[in-house]
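The values are calculated or read from the model by the stated rules, or taken from the named source; none is laboratory data. The structure presented is a predicted model; accordingly, all values stated were derived computationally and were not measured. Every residue, glycine among them, receives a Cβ derived from its backbone with ideal geometry; neighbour counts consider all protein chains shown. Only protein heavy atoms, including side chains, enter the accessible area calculation; ligands, DNA and RNA are left aside. Shrake-Rupley method; radii C 1.70, N 1.55, O 1.52, S 1.80 Å.
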Amino acid sequence: MKMKAYVRPEALYPYRAWSLAEEAYDDENNQRSESVFALGNGYIGMRGNFEEGYHGVKGNSVTGNYVNGFYDAKPIVYPEGAYGYPSRNQSMLNVTNAQCIELSVGEDPFHLNTGRVISFKRELDMTRGFLWRQVEWESPSGGHVRLNFHRIVSLEYKHLAAIQVEIESINYTGDISFHSFMDGKIAEAEVTDDPRLGSGGGEPSLILEQLEHQGELAVLKQHTRHTGFKLLTAISHQLAGTTAFESVNTKDGEKIGTEFTLKLAPGEKVTLTKFISYHTSKNEAGQELEKQTAETHHMASGLGFNKLLSGQEAYLESFWQHADVEIEGDPALQQGIRFNAFQLLQSVGRDGKTNIGAKGLTGEGYEGHYFWDTEMYMMPFFTYTQPDIARALMDFRYATLDKARSRAEVMSQKGALYPWRTIDGEENSAYFPAGTAQMHINADVAYAIKQYVQATGDEEFLVNKGAEILFETSRFWVDLGHYNEAKGGAFCIDDVTGPDEYTAIVNNNTYTNLMVQSQLNYAWETAQLLHWDYPEAYERIRKAIGLTEEEIEDWREAASRMFVPYDEQLGIYAQDDTFLSKKKWDFENTPEDKYPLLLHYHPLVIYRHQVLKQADTVMALFLLSEKFTLEEKIRNYQYYEPLTTHDSSLSPCIHSIVSAEIGDLEGAYAYFDRTVRMDLDDINRNAKDGLHTAAMAGSWMSIVNGFAGMRLTDGSLSFSPALPAQWESCSFRVMYQGQLLKVCMGRSETSYTLLEGDSVSFKHKEEVVALTGQEKTVVIQS
Ligand code: BGC
């Protein structure tokens, strides 16, 4: 399905360099706006719901509040089960909604669907880290007020969020009331046939234990039905602008809060600040939750809302110093790339126990599960901009290595097999052809370790954690594959699924085999490194996992004899042993409304055709770039691209990168456009279910690895810049071995500047460049 010339849709939100804004309330697309205006800090996630709720238009809203890694595990009922199928499904929970603030002007409750909205503005500010909403409203009885809402999810304090509402009277004299509360009763996600959503339905997962006022705090305690985790949500308040107010504590069903009543006259304003905390027994021991909650609120009220706001700004200043990408010449793309970086930061777990879900913390699509998306898409962004976060993501894999060992055992294999989708390390994929069979996840984790270690120089991680992961997963491969007489004794890996989920359970998926080959070589090299440079650690690991020298040699042997299917006639790598002999999909006669194919055709219909959901061999062309000649890249790309539907949002960015490499800048640009504005333009029409985090990270890769051609091959960094004709310039920053490098691509030159650190060297095309404290900038004419 050759991509037609890409025409960017009309803007849904105005193009702004540092913010996302809307000037009018769009009832019909509210769910989408709730996703894009979401706030988060990697631990707490809050969709952009309105504090006052949605009077009369409930269908257009999904109230969403999430805590990363906090899940329940409902039993999966298979009508026809089989050995080794996961028995439970972990699902990230939509937790207590603490956003609620109902406001009344006299007898009239404030809602956007009642009275008269004189003006409405909403803005997500990416430098100051808050969501702001201003509404000028006239109540049905004629009371004219101006409301300002500021909301933050603290980037500094993981358990804390806060909302501030200011109300100013324009012409109104009389009573005002704020009812600020939280609601423990959660609407279950709807049940649909779309596999990209969750399973939904069934009994509520959160069970109420207690709700009570404890001094300044309102506290709601719940536990999860199956996993038994405890959750303690609490709110506290500060009212400024008047001392003459009444407050009454309220409790109703699963709702608990406080109602404030006061008088307002024209020109007067009052401000209510609400602090919100989430603590769970997944982080703290059960009995500590109350203590931690009290401490969080004590700290928050001591600081006050303004200090929290300045904390957000300071945090983000440092973030942008390392992560900003500037695109001169296209405000839409400029906004898109910053929005993506900002949302990635908001969604990523950074405590080593949590990770980043396919939809981040913005919605319930894919049930909050972590996939290979982390290693192959999100990791590069974090490795090169926020290495500490990348380290935490790697720590997560180490923390779940035992579960990967158990999974390998269930699959009758040695070593460790990482889960295709998970929250706490257990396999959650109920559909194994596009789940457990995607064993390339092991090689993806290994690839990310190699890139992370070489980009950061964090050898400590490699020695203490990475090596063990590499050894156990390499052990798995050698046990899984076999030397096949029918293929001249080559090492073959059978019955796996590659990245392309429109082709399943095949022998010798090229992507998998090449990635495994790279992993086995790296595992062998790592074993040598440990043997010579860290003998104690080496012995400790060998003893702990019973690893023999012969096994280590087997890795190198299997790597050198790896079978990679190649078609001499076409001069390309075959996606797998049988792909090229299948019938090609009839794209000509497939109407637009039949995409994505997965929603309109039985998997078997799709599997028997040459049709791709997403980059597969093309992905290998990029990841293992050094293994292919330019001609090979061109031939493979030209064969597979027309067969690719991009029904997965993970696909366009990889095509953008490879297009750029083979010199098709127009194609690269079109794919980039589609990736970078995936959610802002709602390209896949499902932003309402949550944002596409892999595509967001992929847009960063399209610039850095695509247009700037950055590669890190066996410890050597290189760039090969080519600026799209549409742009004046484009610059970005990368952290490389503790040094911060700024790369600026112009029309006729590229400049490299060392922003932090003493020295760095790399290649610009074939030329070696070295920057030092004395010579911080180099300009190279193209
Ligand atoms: C893609 C997978 C991806 C998953 C979660 C699927 O549509 O095919 O590659 O891991 O989405 O993003």
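Computed from Cα atoms, the angle from the helix 288-323 axis to the main principal axis of the chain rounds to 60 degrees.
A straight chain from residue 550 to residue 78 at 0.36 nm per residue would run longer than the Cα-Cα distance by 165.8 nm. Over segment 587-722, the reciprocal of the mean inverse Cα-Cα separation, the Kirkwood hydrodynamic radius, stands at 15.6 Å. Between the beta carbons of residue 11 and residue 116, assuming R0 = 30 Å, the FRET efficiency works out to 0.65 to the nearest 0.05. Taking the 1.4 Å solvent-accessible surface of segment 708-782 as the whole, the part contributed by carbon and sulfur is 45%.
Accessible surface computed residue by residue for segment 37-318, with neighbouring protein chains in place and a 1.4 Å probe, gives 41 Å² per residue. Here r is the Cβ-Cβ distance between residue 156 and residue 214 and R0 is 25 Å; the resulting FRET efficiency, rounded to 0.05, is 0.50. Computed from the Kirkwood radius of its Cα pairs, the Stokes-Einstein diffusion coefficient for segment 367-429 at 10 °C and 1.306 mPa s stands at 130 µm²/s.
Let a ≥ b ≥ c be the square roots of the eigenvalues of the Cα gyration tensor of segment 407-532; is it rounded (a/c under 1.5), or, if not, prolate (a/b larger than b/c) or oblate? Verdict is oblate for segment 407-532. To the nearest 10 degrees, how steep is helix 651-661 against the longest Cα principal axis of the chain, on a 0 to 90 scale? Around 50 degrees separate the two axes. Using the Cβ of residue 23 as centre and a radius below 14 Å, the other residues enclosed give a net charge of 0, where K and R count +1 and D and E count -1. Centroid-to-centroid, using Cα positions, segment 269-320 and segment 714-782 are 39 Å apart.
What the Cα convex hull of the chain gives, in volume per residue, is 169 Å³. Straight-line cross-link partners of residue 307 among the lysines, defined as a Cα under 18 Å from its Cα and at least 8 positions apart when in the same chain: 158, 274. Cα centroids of segment 43-94 and segment 683-710: 24 Å apart. Of all DSSP-defined beta bridges confined to the chain, some 95% are antiparallel rather than parallel. Volume per residue for segment 708-782 equals 78 cubic angstrom (convex hull of Cα atoms). The lysines whose alpha-carbon is closer than 28 Å to the alpha-carbon of residue 613, local same-chain residues fewer than 8 away aside, are 2, 4, 359, 450, 582, 583, 584, 594, 627, 633, 688.
Helix 549-560 axis versus longest C-alpha principal axis of the chain: approximately 80°, rounded to the nearest ten. Each part gets one Cα centre, and for segment 476-530 versus segment 554-603 those centres are 16 Å apart. Stretching residue 485 away from residue 720 to a fully extended chain increases their span by 80.4 nm, per 0.36 nm per residue minus the current alpha-carbon distance. In a fully extended conformation the segment linking residue 315 and residue 583 would gain 91.1 nm over its present Cα-Cα distance, using 0.36 nm per residue. Segment 37-318 has equivalent-ellipsoid semi-axes of 34, 22, 18 Å, by the square roots of 5 times the alpha carbon gyration tensor eigenvalues, sorted largest first. Shown is the FRET efficiency for residue 244 and residue 291, computed with R0 = 51 Å from the Cβ-Cβ distance and rounded to the nearest 0.05: 0.90. A cut-off of 5 Å between modelled amide H atoms, ignoring neighbours fewer than 5 places along the same chain, links residue 717 with 763.
The alpha carbon radius of gyration of segment 254-374, expressed as a multiple of 2.2 N^0.38 Å, is 1.44. P(r) tail, segment 557-663: Cα-Cα pairs separated by more than 24 Å, 28% of all pairs. Residues of segment 484-507 falling in the label zone of residue 605, defined by backbone nitrogen less than 18 Å from a point 7 Å along Cα to beta-carbon, are 501-504.
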